[in-house]
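Worksheet: the structure to be examined is printed underneath.
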Amino acid sequence: MEVIAEVGLSSASFARIADRAGVSSTRMISYHFADRDELIEAVFSDVFRRAGEFIEPFVVAHEDPAGQITGLIEGNARFAVQHPTAVLASGEIWASHRRPDGSRRYGVDVHDLELDVVGQILAAGQEAGQFRQFDVHLMALTLRHALNGLMELVAVSPDVDVEHHIDEHVATFGRALRT
């Protein structure tokens, strides 16, 4: 993960990864992973799993949909503060990992489960009269992209005022969602 975050996906060879891991041969890595693609996919899946486990408590700490969206924003920002390397590595993989035919391996569909959950929160807010009417999927996608930008900013800028950015994202989406 660290190698991908530091040198980019295209330069993250088995040899570089083995060197960073402190093993003398790439065979130790290839023992666990059939090929480089399998290793990259394992890193990507691990980051998504860890991010989900980290962020979920921020969301479920709130009973109302507006609070849950606030928790989602805060949880994403705090994950980036505590795991900047994971954020940078997953962003690099998402943007750069290709199939043998050259097409992107990952697209927006990697967020389908999250978009469904956020969509349910947004729909519940609409049903409760807490949120105005809007296209739930489009709003969930807009929020996801804003969070990706926030996470990248926090990951690459350790001196950024995270609290300010959380507050501004909460205020921006509060205005966008509410009636």
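Would you mind finding the one in 66, 61, 77 that is out of contact with any Phe, Trp or Tyr (no Cβ under 6 Å at 6 or more places or on another chain), at pLDDT 90 or above, closer than 24 Å to residue 176 by Cβ and surrounded by fewer than 16 Cβ atoms within 10 Å (Cβ to Cβ)?
Values: 66 fails: surrounded by fewer than 16 Cβ atoms within 10 Å (Cβ to Cβ); 77 fails: surrounded by fewer than 16 Cβ atoms within 10 Å (Cβ to Cβ).
The conditions single out 61.
Give the range 121-142 a look and list any residue that's in a helix (DSSP H, G or I) and among the acidic types (Asp, Glu), or say none.
Step one: of the range 121-142, the residues in a helix (DSSP H, G or I) are 121-127, 136-142.
Selection gives 127 alone.
Check every one of the helices (runs of 4 or more DSSP H) wholly within the range 26-83 and list those with 2 or more residues that are over 23 Å from residue 14 (Cβ atoms) and among the charged types (D, E, K, R).
Passing ranges, in order: 36-60, 65-82.
All but one of (1) surrounded by 14 or more Cβ atoms within 10 Å (Cβ to Cβ); (2) modelled with pLDDT of 95 or more hold for residue 144, so report the exception by its number.
(2)
Could you please let me know if residue 149 is at pLDDT 95 or above, over 22 Å from residue 6 (Cα atoms) and not hydrophobic (A, V, I, L, M, F, W, C)? Walk me through how you get there before you give the answer.
Values: at pLDDT 95 or above: yes; over 22 Å from residue 6 (Cα atoms): no; not hydrophobic (A, V, I, L, M, F, W, C): yes.
Against the criterion (at pLDDT 95 or above, over 22 Å from residue 6 (Cα atoms) and not hydrophobic (A, V, I, L, M, F, W, C)), residue 149 does not qualify.
List the pairs whose first member sits in the range 32-53 and is touching a residue at least 60 places away in the same chain (Cβ under 8 Å) and under 15 Å from residue 110 (Cβ atoms), whose second member is of a type in the set (S, T, N, Q) and in a helix (DSSP H, G or I), and whose Cβ atoms are under 8 Å apart, counting only residues at least 6 apart or on separate chains?
Sorted first by the residue in the range 32-53, then by its partner, the pairs are 44/90; 48/90.
Considering (1) modelled with pLDDT of 95 or more; (2) surrounded by 21 or more Cβ atoms within 10 Å (Cβ to Cβ); (3) not basic (Lys, Arg), say which one residue 82 fails and leave the rest.
Only one criterion is unmet by residue 82, namely (2).
Condition first: part of a helix (DSSP H, G or I) and out of contact with any helix residue (DSSP H, G or I) (no Cβ under 8 Å at 6 or more places or on another chain). Now tell me which residues in the range 143-177 satisfy that. Steps first, please.
Let us first name the residues in the range 143-177 that are part of a helix (DSSP H, G or I), namely 143-156, 162-177.
Within the range 143-177, 145, 149, 163, 164, 167, 168, 171, 175 meet the criteria.
Keeping to the range 97-131, report how many residues are at pLDDT 95 or above and of a type in the set (Gly, Ala, Ser).
6
Could you list, in sequence order, all residues of the range 147-179 that are of a type in the set (S, T, N, Q), in contact (Cβ under 8 Å) with a residue 12 or more places away in the chain and either crowded, with 19+ Cβ neighbours inside 10 Å or out of contact with any strand residue (DSSP E or B) (no Cβ under 8 Å at 6 or more places or on another chain) (or both)? Please lay out each step first, then the result.
Taking the range 147-179 and keeping what is of a type in the set (S, T, N, Q), we get 148, 157, 172, 179.
Next, from what is left, pick out any that are in contact (Cβ under 8 Å) with a residue 12 or more places away in the chain: 148, 172, 179.
Result: 148, 172.
Tell me, which residue of the range 1-33 that is hydrophobic (A, V, I, L, M, F, W, C) and more than 23 Å from residue 91 (Cα to Cα) is surrounded by the most Cβ atoms within 10 Å (Cβ to Cβ)? Steps first, answer last, please.
Start the filter on the range 1-33 by keeping residues that are hydrophobic (A, V, I, L, M, F, W, C), which leaves 1, 3-5, 7, 9, 12, 14-15, 17-18, 21, 23, 28-29, 33.
Within this subset, residues satisfying the condition of being more than 23 Å from residue 91 (Cα to Cα) are 23, 28.
Working: 23: 12, 28: 14.
By that ranking, first place goes to 28.
Taking into account only those residues within the range 84-118 that are among the hydroxyl-bearing types (Ser, Thr, Tyr) and in a helix (DSSP H, G or I), which is nearest to residue 42 (Cα to Cα)? Break it down into steps so the answer makes sense when it comes.
Filtering the range 84-118 down to residues among the hydroxyl-bearing types (Ser, Thr, Tyr) leaves 85, 90, 96, 103, 106.
Subsequent filtering for residues that are in a helix (DSSP H, G or I) retains 85, 90, 96.
Values: 85: 15, 90: 11, 96: 15 Å.
Result: 90.
The values are calculated or read from the model by the stated rules, or taken from the named source; none is laboratory data. As the structure is a prediction and not an experimental result, all values here were calculated from the model. Neighbour counts are summed over all protein chains in view; Cβ atoms, including those assigned to glycine, are modelled from backbone coordinates with ideal geometry.
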